[in-house]
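Comments concern the structure below.
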Amino acid sequence: MNGVVVKGLGGLFEVLTDAGRIVCRARGTLKRDEEKVLIGDRVELDAPDGESVIARVAPRKNALIRPPIANLDALYCVIAAARPAPALETLDKLLAIAETNSISAALVVTKTDGDREAAERYAELYRRVGYPVFTVSSVSGEGIDALKADLAARLASGGTAAFAGASGVGKSTLLNRLLPGVSLATGEISRRVERGKHTTRHVELFPEGGGFVADTPGFSMLDFARFDFFPLAELFDAFPEFAAYRGKCRYADCTHTGEGPDECAVAAAVRDGLIPASRHDSYRTLYATLKNKTDW
């Protein structure tokens with residue numbers, strides 16, 4: 001029997017099959033780290049002793065470390081216009097991870113009712129980069145219909161989409177608006193530290209519109225020094241707005257990090273306002289981290 005892993009907790013996995021939902025464990029050989037079962041995996045079940053177990057995992061199209069999910073087609077990166085203020089470097093890391101895994105990414109700016117000026121500023125920045133951007137308010141319903149239509153189009157062919165971002169940006173509240181049949185716990189922002197509480201503790205897939213939608217735990221950072229998200233050789237392509245300047249620098253070995261605009265085409269594009277300075281800053285930070293790992 002074949003199915004899709006939609007939930008996992010405490011060593012037990014919930015697999016959606018044509019026969020319904022089956023709760024089971026993974027066979028022992030699948031418990032090694034390199035073969036770990038992930039939410040989103042297409043799996044084959046066996047029942048040698050009358051009890052179903054996950055026996056095999058089908059080849060994956062991709063597998064992410066954070067959020068921990070497999071076979072993702074679309075990633076909605078969620079930030080809040082205010083409370084908590086977005087960390088653009090973390091957002092850029094998440095977008096870079098999507099790019100290197102051939103996952104179609106979009107930006108969702110929530111809480112537009114809290115700070116409309118900031119929401120439009122963030123939206124315009126990433127529209128310049130080339131990403132689809134949705135500005136929404138789960139309170140007023142502003143922008144929900146447009147986002148819902150985009151999500152439906154991505155799911156129509158059986159795709160899997162995930163919503164990911166920092167704690168407190170309103171992912172669960174947003175999904176409650178997008179998926180009326182789903183009731184997710186929501187939290188409030190701490191007034192002292194301006195951070196959200198973790199209301200989502202694990203990745204879970206919800207069947208919707210012919211595909212699946214995933215809610216994911218919030219996070220405050222993506223540690224490239226500790227985890228191998230992707231190598232240095234893939235960094236340039238992880239910033240799609242850089243593509244137009246490939247091969248146009250004065251020197252073939254240009255790193256696009258410290259060279260001036262007279263030597264580096266990327267630096268010149270930043271100077272001319274064609275590439276946002278914050279994106280170049282994120283690139284340079286990632287370059288230094290990945291270069292240091294390469295030199296070990």
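The values are calculated or read from the model by the stated rules, or taken from the named source; none is laboratory data. It should be emphasised that the depicted structure is a prediction, and the values quoted were computed from it without experimental measurement. Glycine gets a Cβ as well: all are built from the backbone with ideal geometry, and neighbour counts include every protein chain shown.
So which pairs qualify, if the first residue must be in the stretch 40-54 and on the phi > 0 side of the Ramachandran plot, the second must be surrounded by fewer than 17 Cβ atoms within 10 Å (Cβ to Cβ) and not in a strand (DSSP E or B), the Cβ gap must be under 8 Å, and the two must be at least 6 apart or on different chains?
Matching pairs, first to second residue: none at all.
Anything in the stretch 102-123 that is in a loop (DSSP other than H, G, I, E, B) and either of a type in the set (Asp, Glu) or in contact (Cβ under 8 Å) with a residue 40 or more places away in the chain (or both)? List them, or say none. Working first, answer last.
First pass over the stretch 102-123, keeping only residues in a loop (DSSP other than H, G, I, E, B): 102-103, 111-115.
Residues satisfying the conditions are Ser102, Ile103, Lys111, Asp113, Asp115.
Are any residues in the stretch 258-267 loosely packed, with under 13 Cβ neighbours inside 10 Å and at pLDDT 95 or above, and if so, which ones? Write out each step before concluding.
Let us first name the residues in the stretch 258-267 that are loosely packed, with under 13 Cβ neighbours inside 10 Å, namely 258, 260, 262.
Answer for the stretch 258-267, where residues must be loosely packed, with under 13 Cβ neighbours inside 10 Å and at pLDDT 95 or above: Gly260, Asp262.
Suppose we keep only residues that are in contact with a Phe, Trp or Tyr (Cβ under 9 Å, 6 or more places away or on another chain) and more than 15 Å from Arg128 (Cα to Cα) within the stretch 268-284. Which one would you say is surrounded by the fewest Cβ atoms within 10 Å (Cβ to Cβ)?
The residue in question is Ala268.
Quick one: Ala47 ticks every box in (1) assigned by TED's automatic domain parsing to the domain that holds Gly211; (2) out of contact with any strand residue (DSSP E or B) (no Cβ under 6 Å at 6 or more places or on another chain); (3) among the hydrophobic types (A, V, I, L, M, F, W, C) bar one, so which box is it?
Going through the list (1) assigned by TED's automatic domain parsing to the domain that holds Gly211; (2) out of contact with any strand residue (DSSP E or B) (no Cβ under 6 Å at 6 or more places or on another chain); (3) among the hydrophobic types (A, V, I, L, M, F, W, C), Ala47 breaks only (1).
Listed here are the residues, each with its yes/no results for (1) touching a His at 6+ places or on another chain (Cβ under 7 Å); (2) small (Gly, Ala, Ser); (3) not assigned by TED's automatic domain parsing to the domain that holds Ala152.
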site	(1), (2), (3)
Glu204	no, no, no
Ser220	no, yes, yes
Asp237	no, no, yes
Glu241	no, no, yes
Ala252	no, yes, yes
Gly258	no, yes, yes
Cys264	yes, no, yes
Ile275	no, no, yes
Ala288	no, yes, yes
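Where in the stretch 1-95 are the strands (runs of 3 or more DSSP E), entirely inside, with at least 2 residues that are exposed (fewer than 14 other Cβ atoms within 10 Å of the Cβ) and not hydroxyl-bearing (Ser, Thr, Tyr)? Before the answer, list the steps.
Values: elements: 2-9, 12-17, 20-26, 42-46, 53-57, 74-80.
Qualifying strands (runs of 3 or more DSSP E): 2-9, 20-26.
For the stretch 124-146, give me the residue count where each residue is crowded, with 20+ Cβ neighbours inside 10 Å and assigned to a helix (DSSP H, G or I).
1
Of these, Phe224, Phe134, which one is under 19 Å from the mean Cα position of the chain (by Cα) and at pLDDT 95 or above? Before the answer, list the steps.
On the way: Phe224 fails: at pLDDT 95 or above.
So the residue among Phe224, Phe134 that is under 19 Å from the mean Cα position of the chain (by Cα) and at pLDDT 95 or above is Phe134.
Just give me the residues in the stretch 101-123 being surrounded by 17 or more Cβ atoms within 10 Å (Cβ to Cβ) and under 22 Å from Asp223 (Cα atoms), in sequence order. Steps first, please.
The first filter runs over the stretch 101-123 and keeps only residues surrounded by 17 or more Cβ atoms within 10 Å (Cβ to Cβ), leaving 101, 103, 105-112, 115, 118-119, 122-123.
Passing the criteria: Asn101, Ile103, Ala105, Ala106, Leu107.
When you check Ala233 against the structure, is it more than 16 Å from Ala96 (Cβ to Cβ) and among the small types (Gly, Ala, Ser), yes or no? If you could, list the steps in order and put the result at the bottom.
On the way: more than 16 Å from Ala96 (Cβ to Cβ): no; among the small types (Gly, Ala, Ser): yes.
Criteria not met by Ala233.
I'd like the full set of residues that are part of a helix (DSSP H, G or I) and surrounded by 14 or more Cβ atoms within 10 Å (Cβ to Cβ), limited to the stretch 235-247. Talk me through it step by step, then tell me what you get.
First pass over the stretch 235-247, keeping only residues part of a helix (DSSP H, G or I): 236-238, 240-245.
Passing the criteria: Phe236, Asp237, Ala238, Pro240, Glu241, Phe242, Tyr245.
Can you spot a residue in the stretch 27-38 that is closer than 21 Å to Phe227 by Cα, touching a residue at least 12 places away in the same chain (Cβ under 8 Å) and charged (D, E, K, R)?
Yes, the stretch 27-38 has at least one match.
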